[in-house]
Amino acid sequence: MSGAGTTSSAAPPPVDADVLSDADSIASIVGTSLALLLALLGGIAAWRRRKASRTEAADSVRGLLNRQLGGVLTHAYRFLDGSVSPLAAIYVPQRVTGRTDSGSGPPLAAEELLRSDRHVLLVGMAGSGKTSFISHALREQARRWSRPGSRSGNGTARPRVRGGQPAEAGLAISATTLVGRSLPEAIVETYRDELPPWLPHRAPQRQARWLVLIDGLDQIIDANARSRVIGQLREWAGRTDHPYRLLLTTRPLAEQETTALRAYFAEHLLLPFDESDRSAFAGQWFAARVPDATRAVGDRDRFCADLNRARLGQLAYNPLLVTLAALVWERAPDRAPDRAVLLDRFVAHLFDGGGTAVNEVSSALRHRGRTGAMVATWLHEQLGELFETAADGWLRTGQAVPSVISWADTRAPVAPSSLLPDWSSRIASLLVGTGLFVPRGVDVEPVARSVVEYLAAGPLARSWPEGQWLALLADPATRGMAGLVLARANVEIGPFLTELAGGDGNRVVAAGQLLSVGVPAPPEVRDGVLAALLRQWYEGTGPVAAECLSVLATLAANDSVRQAVYDIATDPRWPRQVRGAATTFIAVPTLRQRPADD
């Protein structure tokens, strides 16, 4: 019984536990299915992104390779003397030799470095062809990657794995781009218009890697900056968690820098041309420039013979100098290239390419205020004399850098050594930066003796102290420099040789010695000198006569000189005594034997 005002309601029926369990199961299934669906959609999206990324990478790599295959191979130097044939038309495969602490290995083709599995340090003198090799290597790597049979079903390039080694696509960067940047950042900067920025951080394709060709480590003039770059390269070479193999090129570095790199890089020396290389270069040069094939072969042979007569020693096999010699020879193919002219062009081209080294020193000076700016301006004006001083110092005492420091402290508006505490090392870097010198401890040494003789001849040629010049000519050790002094002086060589040949015995000897060191002379002047030598030898006695015979024997090693002596012997226009001397010289072979010390 309920009281008035109260209400009652029935309790809800209990929910079956099985129903709750089924609902939970359904919710779980729906949630799981939804998660799976979202994961699937995410996976599909990621797959599509990866596919798009792979497609973009493949397209980018293929475009890069096509540009490398179709691009024009560029010369390292800006040639000042005329038009040079495309590098691809005249490139001669080069050779290298491995270098270790125990010595050098046998020569091998430079292209073998492209098949190596090691990081490589390639060292070569100025003008030896390092940058040309880089250009050739890029094209060669692209050709190997893209050659027939290396395509996948969809037409994209497919890398070819050789002997378990990854295939390699080439990238070339300047070593100077590594200053203040990591290796990947430098690659991205160099190829910012050709590759997506993420691609250089990863392999170009599966089972492949990048061959990064880093050119001109020596062109980082600042020693501290170069040290940091060397440290970074050592670090990359010591790691395996990246898609790079490194090949560095450089002119000779300081020994401690080379030693630091040698621990991680296989060091190789880029060799100069040999006779066959030079002949191959000349053959390709003239074949590309002379339409008539027979004439091109004749020009090749005459050019090589004439270059040998220039008496440049090992420098005559430097690829840059051989190229310059070909340009000079084309302008006057009727006579051998003049030694002084070839050295002048060689030095000028290295100076032209050494602006970075000069600017580095100037910048350091300008940071020292007005006084430093005055010295920097003076330095630019006196740069030629600076190198002449270095050359003269090396020839006299074997010390180039101390000679320059003493000269600069005496001549500059303010002593540079008082402005820059590291002035000595900066001078060394300046001399090395042009390629005319290479490091030697804390000092430097020239790339070739003939280069410093040419430089040191400058002041003497301008002042022309004839007595000092005759003393240089009399000494076999300085005779080559005497010839360069004469060639650079404001002296007409033909009349001067004729004047010497008409003088006393010592002056006749001097005229012959000039011919022996390659000073050019018209045939009639040369014959007059030969006649004077023959007469002094035949009629004279004592040391002068013996010296005349020695000079004649040296000159007679040349076919054209032997023919000239024969012509003198048979030409009735020459005095009877001269013809008799020529006949005796021709008839007695032992007279034509060159002295052992010549």
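Details
- Rounded to the nearest 500, the 222 nm mean residue ellipticity of the chain from helices alone is -18500 deg cm²/dmol, with -39,500 (n - 2.57) taken per DSSP H run of at least 4 residues.
- When the P(r) of the stretch 498-594 is calculated, the portion above 16 Å amounts to 47% of the C-alpha pairs.
- By accessible area with a 1.4 Å probe, ligands and nucleic acids excluded, highest first: order of T570, T190: T570, T190
- Among beta bridges identified by DSSP and lying wholly in the chain, the antiparallel ones come to about 40 percent.
- Environment charge of L271, counting only residues whose C-beta is closer than 14 Å and scoring Lys/Arg +1, Asp/Glu -1: -2
- Extension gain from Q256 to S418, taking 0.36 nm per residue of separation minus the Cα-Cα distance: 55.6 nm
- Overall, the anisotropy analysis places the stretch 402-476 in the oblate class: the square-rooted eigenvalues a ≥ b ≥ c of its C-alpha gyration tensor yield a/c not less than 1.5, with a/b not exceeding b/c.
- Normalised per residue, the volume of the convex hull around the Cα set of the stretch 292-351 (Å³): 79
- Cα-based shape type of the stretch 185-291, given that a ≥ b ≥ c are square roots of the gyration tensor eigenvalues and the cut on a/c is 1.5: oblate
- Once both labels are positioned 7 Å from their Cα atoms along Cα-to-Cβ, the gap between T584 and Y566 label points is 2.2 nm.
- Average Cα contact separation per residue, the stretch 435-544, under 8 Å, 6 or more apart, as relative contact order %: 20
- Compared with the alpha-carbon gap, the fully stretched path from N506 to Q165 is longer by 115.9 nm at 0.36 nm per residue.
- In order through the stretch 265-272: 3J(HN,Hα) via Karplus (6.51 cos²θ - 1.76 cosθ + 1.60), integer Hz, x for Gly, Pro: 10, 7, 7, 9, 9, 7, 7, x
- Distance between modelled label sites at V544 and E56, nm, 7 Å Cα→Cβ extension: 8.7
- Computed magnitude of the charge dipole of the stretch 420-550 (debye, nearest 20; Cβ of K, R +1, Cβ of D, E -1): 280
- Percent carbon-and-sulfur accessible area, the chain, ignoring ligands, DNA and RNA, probe 1.4 Å: 54
- Once the Cβ-Cβ distance of D274 and R479 is raised to the sixth power relative to R0 = 25 Å, the FRET efficiency obtained is 0.40.
- Note on the stretch 235-386: Cα-only Rg and Dmax are 21.6, 64 Å.
- Once the chain from R181 to S33 is taken as fully extended at 0.36 nm per residue, the excess over their C-alpha distance is 48.4 nm.
- In this simple spin-label approximation, A305 and Q207 carry label points 7 Å from Cα along the Cα→Cβ vector, and these lie 5.6 nm apart.
- Computed with a 1.4 Å probe over protein heavy atoms only, the accessible surface of the chain comes to 48 Å² per residue.
The values are calculated or read from the model by the stated rules, or taken from the named source; none is laboratory data. Small disclaimer: the values here were computed from a predicted structure and weren't measured. Here Cβ is always computed from backbone atoms with ideal geometry, including for glycine, and neighbour counts include all displayed protein chains. Note: areas computed on protein heavy atoms with side chains; ligands, DNA, RNA excluded. Shrake-Rupley method; radii C 1.70, N 1.55, O 1.52, S 1.80 Å.
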